[in-house]
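Colleague: Quick one: structure below, then a few questions.
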Amino acid sequence: MMFNGVCFPDLKMNRIAFFLLLLLSGFVTTAQADSATDIPVETPKQHAARMEWWRDARFGMFIHWGLYSEAAGYWNGQATSGAGEWIMSDMRIPRAQYETLAPHFDPVKFDADQWAETAHNAGMKYLVITSKHHEGFCMFKTTATDYNVVDATPWHTDPLQALSKACRRHGIKFCVYYSIMDWHSPDQSPAYNPTSFIPGQKEAYIQYMETELSELITQYHPGLIWFDGQWMNGWTDEDGQRVYRYLRTLDPKIIVNNRVKGAGDYETPEQYIPSNGLPGRDWETCMTMNNTWGYKRDDNDWKSTQTLIRNIVDIASKGGNYLLNVGPTGEGLIPDASIERLNEIGNWMKVNGSAIYGTSAGPFTKQLPWGRCTSKTSGHRTTLYLHVFDWPADGQLVVPLSNKIKRAALLVHPSTPLRTETGTNGATIFLPAGAPDKISSTIVVKLDGAPEMITDPIVQNNDGSILLRASDAGLHGSQIQYESGPSHDDIGYWFQPDDWADWTFRVNRPGKFIIAAEIAAPTGDSFQLSVDGQEFRCAAPVTADYFHYTSVQIGTVEIPAAGDVTLAVHPVTDGWQPMNLRSIKLEQMH
């Protein structure tokens, strides 16, 4: 099956007429445009109104479903070593052979209401499903090609139509994913990454895209279009801006992610949580439950419910959204392991959802050692939601606030106030014995006015030592982040050699110190530590994995005067390999 190559000579005129109708109807409120990109200009108020539902949602479901789901990670009896949805490219399957999956794709167990209900019960507020992934197969009825789920499979059913209706019945915002890269298109090179356009064929492909995008918007009315594949050779910022403009003429309220390229309304870190969020920008972490997006029957490396719930909290505490993926089977079933985790997440969200939905990032600049914080503001009053991962054994939760707390209570027992005290070390909340939830318990704190944080540096201990914990580090870069929990409690995701960490601490008793670091690193590599103008180049120890730590002595440093000192750790960029750093200790020599 090939693309029909259908041409619509009157499509351009229809678009112009449609846009003029929008203008006359008052739906397009901003006739102004940026002269360089011609993208409609919004006031901050208009932009906030368009983004409001998405910002409030905080938690959504990603669905990767296509012909790769039928393959399930195997081709001719051989397992792919890559992701399930990349099997066509990774195993270099020719188009004509890959097309033979379509006559076998008959997902009669698909139940749109069950999928939408699963998302709703998990506490998810929106759903993004692949209308066309990189494989080029369309999971909806389209006039642009017969290589689609209705025309090319024995199922002859449009799942997007059914799912869009089911989502509305269950109060879920329906959204779609669309890949710019298309391994099946005659306008693009074969499936072997990186894909590029056939010379002279890009315009034909963009017109093909616009036909399908118009169908998606006018027939399914998605709240959001989630682009991908923009890294292919030949796709430019100008191309992305053209598509973004086109979509905003079709639906002025549509939200578009940044992977359209050159434009977009929010950013999309994949499989990681930015260490400090992305301040001043809307963002959404998309993540798998196991190791692959599309269904792969051998991938049983599932994240725990604890990890997934704490990811929701961590992301919300940094002002982002969490788009959590499921990969249904070729039969149309969401895997049982995903259902189990989503149900458990839903039970937690039923109790704690008010501390996630509609919240903003917490006010604290350093990672809280016991958990995370989200916030809401109403007039001059602030509500802080303290998400406690590690319940204090002594029943005293110290919060780095100088404010007097107006009221504090457990979210599960809102009518029972907790005793609080505010002193020089912060505000202390006195807690009952035993956490209400072993994964994350929520304390609601009411303040008059804005939070006033205590930002004193780390101080020297009574024995002269200085302990620099991972949770106290300042983290700089695109991926590096603090990981909490008993098996981690470290600085991890240190993939980029430009990412780095630092601490500022106060020395009251200067002198000589022995520096040691607690590190886990399956592959040892060099890093540079600098403190008080002195630099050390060190080799990370080689450990069994990222969970087994060992202490390595780095050297001796002299800090000659009392005062604030900064210690920083940078990768040595030649062949940097990641490591997890749990702590650095300066032991005073006597």
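Colleague: Just to verify a number: FRET efficiency for Gln396 and Lys350, C-beta to C-beta distance, R0 = 25 Å, to 0.05? Could the numbers behind the result be given before it?
Modeller: Numbers: r = 29 Å, r/R0 = 1.15.
So the FRET efficiency works out to roughly 0.30.
Colleague: At a 10 angstrom cut-off on C-beta neighbours, averaged per residue, how do the peptides 314-327, 230-243 rank from highest to lowest?
Modeller: 314-327, 230-243
Colleague: Right, here's the next one. Within the set of other residues whose C-beta is less than 10 Å from the C-beta of Asp113, count the net charge using Lys and Arg as +1 and Asp and Glu as -1.
Modeller: On the way: positive: Lys165, Arg169; negative: Asp111, Glu117.
Summing Lys/Arg as +1 and Asp/Glu as -1 gives 0.
Colleague: Whole Å is fine, so just give me how far the alpha carbon centre of segment 427-464 lies from that of segment 338-355.
Modeller: 25
Colleague: Mind pulling the angle between the C-alpha long axis of helix 202-215 and the longest principal axis of the chain? Nearest 10 degrees, somewhere in 0 to 90.
Modeller: 90
Colleague: Spelling out what I want: for every residue of segment 111-125, take phi, set θ = phi - 60°, compute 6.51 cos²θ - 1.76 cosθ + 1.60 (Karplus), and round to whole Hz; glycine and proline get x.
Modeller: Once θ is set to phi - 60°, the couplings for segment 111-125 become 9, 4, 5, 5, 5, 5, 5, 4, 4, 4, 5, 7, x, 7, 10 Hz.
Colleague: How many angstrom lie between the C-alpha centres of segment 367-390 and segment 51-74?
Modeller: Taking the Cα centre of each part, segment 367-390 and segment 51-74 sit 29 Å apart.
Colleague: Given a 1.4 Å probe and the protein chains all in place, what does the accessible area of His476 round to, in Å² to the nearest 10?
Modeller: Counting only protein heavy atoms, His476 exposes about 60 Å² to solvent.
Colleague: Related question: Could you check the spin-label model distance between His380 and Glu238? Points 7 Å from the Cα along Cα→Cβ, value in nm.
Modeller: So the two model labels end up 5.5 nm from each other.
Colleague: Further question on the same structure: What does the charge count near Ile405 come to, summing +1 for each Lys or Arg and -1 for each Asp or Glu among other residues with Cβ under 11 Å from its Cβ? Write down the numbers at each step before the final one.
Modeller: Working: positive: Lys404, Lys406, Arg407, Arg419, Lys446; negative: Glu421, Asp448.
Local charge sum for Ile405: +3.
Colleague: Kindly give Rg over Rh for the chain, based on alpha-carbon atoms, with the Kirkwood expression for the hydrodynamic radius.
Modeller: Numbers: Rg = 26.4 Å, Rh = 26.3 Å.
My calculation of the ratio gives 1.00.
Colleague: Tell me what the chain gives for mean residue ellipticity at 222 nm when only DSSP H runs of n ≥ 4 count, each as -39,500 (n - 2.57), the sum divided by the residue total, rounded to 500 deg cm²/dmol. Provide the component values of the computation, followed by the final result.
Modeller: Working: 11 runs with 121 residues, N = 590.
Result for the chain: -6000 deg cm²/dmol, rounded to the nearest 500.
Colleague: Compute the helix-to-body angle for 159-169: its Cα long axis versus the longest principal axis of the chain, expressed 0 to 90° and rounded to tens.
Modeller: So the inclination is approximately 60 degrees.
Colleague: Between segment 515-544 and segment 283-337, how far is it from one alpha carbon centroid to the other, in angstrom?
Modeller: Cα centroid of segment 515-544 versus Cα centroid of segment 283-337: 33 Å apart.
Colleague: Do the alpha carbons of any pairs in Lys173/Lys303; Lys376/Lys438; Lys173/Lys376; Lys202/Lys303 sit beyond 32 Å of each other, and which pairs? Before the final figure, lay out the partial values.
Modeller: Numbers: Lys173/Lys303 25 Å; Lys376/Lys438 24 Å; Lys173/Lys376 23 Å; Lys202/Lys303 40 Å.
Table pairs above 32 Å Cα-Cα are Lys202/Lys303.
Colleague: Would you mind counting up the charge near Ser338? Only other residues with Cβ under 12 Å from its Cβ, with Lys and Arg at +1 and Asp and Glu at -1.
Modeller: -2
Colleague: Quick check: residue separation of Asn193 and Ala162 times 0.36 nm, minus the Cα distance between them. What number comes out in nm? Walk me through the numbers on the way to the answer.
Modeller: Values: separation 31, 0.36 × 31 = 11.16 nm, distance 3.31 nm.
Taking 0.36 nm per residue and subtracting the Cα distance, the gain is 7.9 nm.
Colleague: Using only the Cα atoms of segment 186-320, each taken as one equal point scatterer with no solvent, compute I(q) by the Debye sum, divide by I(0), and report log10 of the ratio at q = 0.22 Å⁻¹.
Modeller: With one equal scatterer per Cα and no solvent, log10 I(q)/I(0) is -1.28.
Colleague: Give the angle, between 0 and 90 degrees and rounded to the nearest 10, that separates the Cα long axis of helix 305-317 from the longest principal axis of the Cα atoms of the chain.
Modeller: Between helix and principal axis, roughly 80 degrees.
Colleague: Take the Cβ-Cβ distance between Asn291 and Glu331 as r, set R0 to 30 Å, and report the resulting FRET efficiency rounded to the nearest 0.05.
Modeller: Once rounded, the FRET efficiency stands at 0.90.
Colleague: Starting from the residue with the highest accessible area, list Glu52, Glu203 in decreasing order, probe 1.4 Å. Write down the numbers at each step before the final one.
Modeller: Values: Glu52 105, Glu203 85 Å².
So the residues, ranked largest to smallest area, are Glu52, Glu203.
Colleague: Would you mind telling me the antiparallel percentage of the DSSP bridges in the chain, rounded to 5? Please report the intermediate quantities before stating the final value.
Modeller: Details: 84 of 117 bridges.
So the antiparallel bridges amount to about 70 percent of the total.
Colleague: For Lys303 and Lys45, compute 0.36 nm times the residue count separating them, minus their Cα-Cα distance, and round to one decimal in nm.
Modeller: 89.0 nm
Colleague: Another question about this same structure. Label-point separation (nm) for Ala433 and Ala561, each offset 7 Å from Cα along Cα-to-Cβ?
Modeller: About 5.2 nm separates the two model spin labels.
Colleague: Once the whole set of protein chains is in place, how much accessible area is left on Val41, using a 1.4 Å probe, in Å² to the nearest 10?
Modeller: We get 60 Å² for Val41.
Colleague: For the ranges 115-126, 188-199, 510-521, what's the packing order if you count other beta-carbon atoms within 10 Å of each residue, average per peptide, and put the highest first?
Modeller: Those peptides, ordered most packed to least, come out 115-126, 510-521, 188-199.
Colleague: Related question: If you put +1 on each Lys and Arg Cβ and -1 on each Asp and Glu Cβ, how big is the dipole of segment 53-201 around its Cα centre, in Debye rounded to 20?
Modeller: 580
Colleague: Give me the extension gain from Tyr74 to Ala539: residue separation times 0.36 nm, minus the current Cα-Cα distance, reported in nm with one decimal.
Modeller: Details: separation 465, 0.36 × 465 = 167.40 nm, distance 4.08 nm.
Between Tyr74 and Ala539, full extension yields 163.3 nm more.
Colleague: Further question: Dipole of segment 222-330 (Lys/Arg Cβ +1, Asp/Glu Cβ -1, origin at the Cα centre): which of Gly229, Gly330, Leu250 lies farthest to the positive side?
Modeller: Looking along the dipole axis, the top candidate is Leu250.
Colleague: Can you compute the FRET efficiency between Thr416 and Trp155 using 1/(1 + (r/R0)^6), with r the Cβ-Cβ distance and R0 = 51 Å? Round to the nearest 0.05.
Modeller: 0.40
Colleague: If you put +1 on each Lys and Arg Cβ and -1 on each Asp and Glu Cβ, how big is the dipole of the chain around its Cα centre, in Debye rounded to 20? Working shown, then result.
Modeller: On the way: 48 positive and 66 negative charges, 380 e Å.
Once rounded to the nearest 20, the dipole reads 1820 debye.
The values are calculated or read from the model by the stated rules, or taken from the named source; none is laboratory data. As the structure is a prediction and not an experimental result, all values here were calculated from the model. Note: ideal-geometry Cβ built from the backbone for every residue, glycine included; neighbour counts use all protein chains shown. Heavy atoms of the whole protein, side chains included, go into the accessibility calculation; ligands, DNA and RNA do not. Shrake-Rupley method; radii C 1.70, N 1.55, O 1.52, S 1.80 Å.
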